[in-house]
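Trainee: To start, I am sharing the structure in question, which I have written as structure tokens.
The values are calculated or read from the model by the stated rules, or taken from the named source; none is laboratory data. Nothing here was measured: the structure is a model prediction, and the numbers come from that model. Heads up, the Cβs are rebuilt from the backbone with ideal geometry, glycines too, and the neighbour counts pull from every protein chain shown.
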């Protein structure tokens with residue numbers, strides 16, 4: 001799943017997208033807690049359905065949501081093979097993933113980092129933002145290197161040693177590139193007045209759509225009582 | 001790849017909380033250690049090295065994903081390296097690669113590789129050729145972190161007897177065998193990168209130009 005797709009979904013004009021990141025973090029936190037603490041089947045079915053309905057209301061493709069939760073389903077199924085209690089484990093994992101999606105696909109990632117600023121220690125939100133930005137730069141560079149390697153016959157399934165050697169060499173180039181870019185970025189930040197903290201504006205904690213994720217979170221917890 | 005691919009809601013709550021407590025204590029210690037370094041070495045480099053680790057995780061060799069954790073430890077040191085490991089696990093969880101609640105445990109596992117790798121490389125480079133030191137400093141922590149992951153599974157209540165069920169009895173040795181190939185490959189990649197850096201920018205890996213030329 002391309003991050004660009006997630007970012008595009010986060011910018012749609014749906015009710016969850018309009019809610020503040022802080023309220024969504026709280027609501028999803030309550031929803032995840034109810035999934036983690038659930039011992040019966042009712043909350044494990046009710047909570048994911050509740051959040052799925054919010055995702056559908058927010059104009060998100062539900063089939064793709066299940067696709068995104070498929071990763072959680074797969075690994076929980078593997079774990080359940082050894083741990084037992086297959087149905088509960090798989091429902092917990094898949095349900096938890098669907099709840100978490102309510103935050104991850106409706107909020108741009110930089111907004112999530114910004115909202116966590118009060119809760120995270122000093123350089124963490126800035127470090128997250130820089131890492132996120134650097135990821136796109138390096139991924140783009142790696143795709144070019146890999147394509148060049150393939151076009152020149154450097155990747156061959158029947159020649160694993162040669163392929164490994166070529167991949168290692170290309171990664172070495174990427175590492176040197178990353179270090180050079182980090183120095184250049186730091187120089188650019190200094191020129192623009194960087195003094196150890198990236199200035200970020202305060203996001204509002206609540207707005208008139210905040211009731212939606214918070215209400216869903218509270219209902220999720222009430223589902224535990226059944 | 002030393003990352004618990006477990007979603008939320010599976011592991012016992014006490015184990016998840018323990019992971020978070022340990023990770024946050026280690027993070028606090030790492031941040032204190034990081035403040036000793038000049039500004040220059042901090043955020044942009046940490047960001048790029050953490051991003052490098054995430055990009056490397058997209059590179060697959062059969063079932064094994066690279067992660068370059070030991071290389072991150074060599075490039076950044078233990079404090080900034082652990083910070084990078086935490087950032088990587090945080091970002092992976094936000095990308096849906098594992099649960100949000102298991103970030104703590106994952107940070108402990110990946111952070112162990114970073115710190116152990118840094119320690120082994122620091123000792124090894126004094127006595128061994130640099131590429132060999134880097135190779136050993138990669139393979140040993142990766143196998144140790146696999147042991148840590150198995151310990152997490154055991155603590156979560158999975159009994160060793162469960163692995164003796166017929167399908168798993170065949171699969172587990174195969175997975176471990178492929179994983180050990182992956183460790184060797186990652187060790188080779190790290191050794192190759194260290195060798196390149198030794199020629200072009202030895203100060204980045206803590207080797208002076210005089211030592212390099214000796």
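Trainee: Identify, from the list B:45, B:32, B:122, B:126, the residue that is facing another protein chain (nearest Cβ under 9 Å) and farther than 21 Å from residue B:149 by Cα.
Mentor: Details: B:32 fails: facing another protein chain (nearest Cβ under 9 Å); B:122 fails: facing another protein chain (nearest Cβ under 9 Å); B:126 fails: facing another protein chain (nearest Cβ under 9 Å).
None of the others qualify; the one that does is B:45.
Trainee: Still on this structure, please answer the following. Of the residues A:160, A:121, which single one is in contact with a strand residue (DSSP E or B) (Cβ under 9 Å, 6 or more places away or on another chain) and either surrounded by fewer than 17 Cβ atoms within 10 Å (Cβ to Cβ) or at negative phi (or both)?
Mentor: Residue meeting the stated conditions: A:160.
Trainee: Please work out if residue A:90 is part of a helix (DSSP H, G or I) and in contact (Cβ under 8 Å) with a residue 60 or more places away in the chain.
Mentor: No.
Trainee: Something else about it: Looking at the stretch A:137-157, can you tell me whether even one residue there is within 25 Å of residue B:93 (Cβ to Cβ) and out of contact with any helix residue (DSSP H, G or I) (no Cβ under 9 Å at 6 or more places or on another chain)?
Mentor: Filtering the stretch A:137-157 down to residues within 25 Å of residue B:93 (Cβ to Cβ) leaves A:137-143.
Now restrict to residues that are out of contact with any helix residue (DSSP H, G or I) (no Cβ under 9 Å at 6 or more places or on another chain): A:140, A:143.
Yes, that holds for at least one residue.
Trainee: For the stretch B:1-18, indicate whether the set of residues that are in contact with a strand residue (DSSP E or B) (Cβ under 9 Å, 6 or more places away or on another chain) and either closer than 17 Å to residue B:190 by Cα or surrounded by 24 or more Cβ atoms within 10 Å (Cβ to Cβ) (or both) is non-empty.
Mentor: Filtering the stretch B:1-18 down to residues in contact with a strand residue (DSSP E or B) (Cβ under 9 Å, 6 or more places away or on another chain) leaves B:1, B:3.
Filter once more, keeping what is either closer than 17 Å to residue B:190 by Cα or surrounded by 24 or more Cβ atoms within 10 Å (Cβ to Cβ) (or both): B:1.
Yes, there is a match, as at least one residue in the stretch B:1-18 is in contact with a strand residue (DSSP E or B) (Cβ under 9 Å, 6 or more places away or on another chain) and either closer than 17 Å to residue B:190 by Cα or surrounded by 24 or more Cβ atoms within 10 Å (Cβ to Cβ) (or both).
Trainee: Just one of (1) touching a helix residue (DSSP H, G or I) at 6+ places or on another chain (Cβ under 7 Å); (2) outside any helix (DSSP H, G or I); (3) more than 30 Å from residue A:30 (Cβ to Cβ) trips up residue B:10, so point out which.
Mentor: Status for residue B:10: all satisfied but (3).
Trainee: Confirm whether residue B:93 is more than 7 Å from chain A (Cβ to nearest Cβ), in contact with a helix residue (DSSP H, G or I) (Cβ under 6 Å, 6 or more places away or on another chain), in a helix (DSSP H, G or I) and modelled with pLDDT under 90. Explain how you work it out, then say what you get.
Mentor: Details: more than 7 Å from chain A (Cβ to nearest Cβ): yes; in contact with a helix residue (DSSP H, G or I) (Cβ under 6 Å, 6 or more places away or on another chain): yes; in a helix (DSSP H, G or I): yes; modelled with pLDDT under 90: yes.
Judged against the criteria, residue B:93 is a match.
Trainee: I need the full set of residues from the stretch A:41-65 which are touching a helix residue (DSSP H, G or I) at 6+ places or on another chain (Cβ under 8 Å), in a helix (DSSP H, G or I) and within 20 Å of residue A:10 (Cβ to Cβ), in order please.
Mentor: Once the filter is applied, which keeps residues that are touching a helix residue (DSSP H, G or I) at 6+ places or on another chain (Cβ under 8 Å), in a helix (DSSP H, G or I) and within 20 Å of residue A:10 (Cβ to Cβ), the stretch A:41-65 yields A:51, A:52, A:54, A:55, A:56, A:57, A:62, A:65.
Trainee: I'd like to check something: does the stretch B:60-68 contain any residue that is under 19 Å from residue A:123 (Cα atoms) and either more than 8 Å from chain A (Cβ to nearest Cβ) or in contact (Cβ under 8 Å) with a residue 12 or more places away in the chain (or both)?
Mentor: No, because not a single residue in the stretch B:60-68 is under 19 Å from residue A:123 (Cα atoms) and either more than 8 Å from chain A (Cβ to nearest Cβ) or in contact (Cβ under 8 Å) with a residue 12 or more places away in the chain (or both).
Trainee: Being more than 9 Å from chain B (Cβ to nearest Cβ) and surrounded by 13 or more Cβ atoms within 10 Å (Cβ to Cβ) is the filter here; which residues of the stretch A:71-87 pass it?
Mentor: If the condition is that a residue be more than 9 Å from chain B (Cβ to nearest Cβ) and surrounded by 13 or more Cβ atoms within 10 Å (Cβ to Cβ), then A:77, A:86 are the ones that fit.
Trainee: Kindly indicate which of B:63, B:103, B:59, B:74 is modelled with pLDDT of 90 or more and surrounded by fewer than 24 Cβ atoms within 10 Å (Cβ to Cβ).
Mentor: Checking each option against the conditions leaves just B:103.
Trainee: Being modelled with pLDDT of 85 or more, facing another protein chain (nearest Cβ under 10 Å) and over 17 Å from residue B:103 (Cα atoms) is the requirement here; does residue B:12 meet it?
Mentor: No; evaluated as a whole, the condition is false for this residue.
Trainee: Let me ask you something else. What single numbered condition from (1) touching a helix residue (DSSP H, G or I) at 6+ places or on another chain (Cβ under 9 Å); (2) at pLDDT below 80; (3) loosely packed, with under 15 Cβ neighbours inside 10 Å; (4) facing another protein chain (nearest Cβ under 10 Å) fails to hold for residue B:200?
Mentor: Residue B:200 satisfies all of (1) touching a helix residue (DSSP H, G or I) at 6+ places or on another chain (Cβ under 9 Å); (2) at pLDDT below 80; (3) loosely packed, with under 15 Cβ neighbours inside 10 Å; (4) facing another protein chain (nearest Cβ under 10 Å) except (2).
Trainee: Further question: Can you pull out every residue in the stretch A:102-138 that is away from chain B (no Cβ under 11 Å) and in contact (Cβ under 8 Å) with a residue 24 or more places away in the chain?
Mentor: Within the stretch A:102-138, A:102, A:106, A:108, A:111, A:114, A:115, A:117 meet the criteria.
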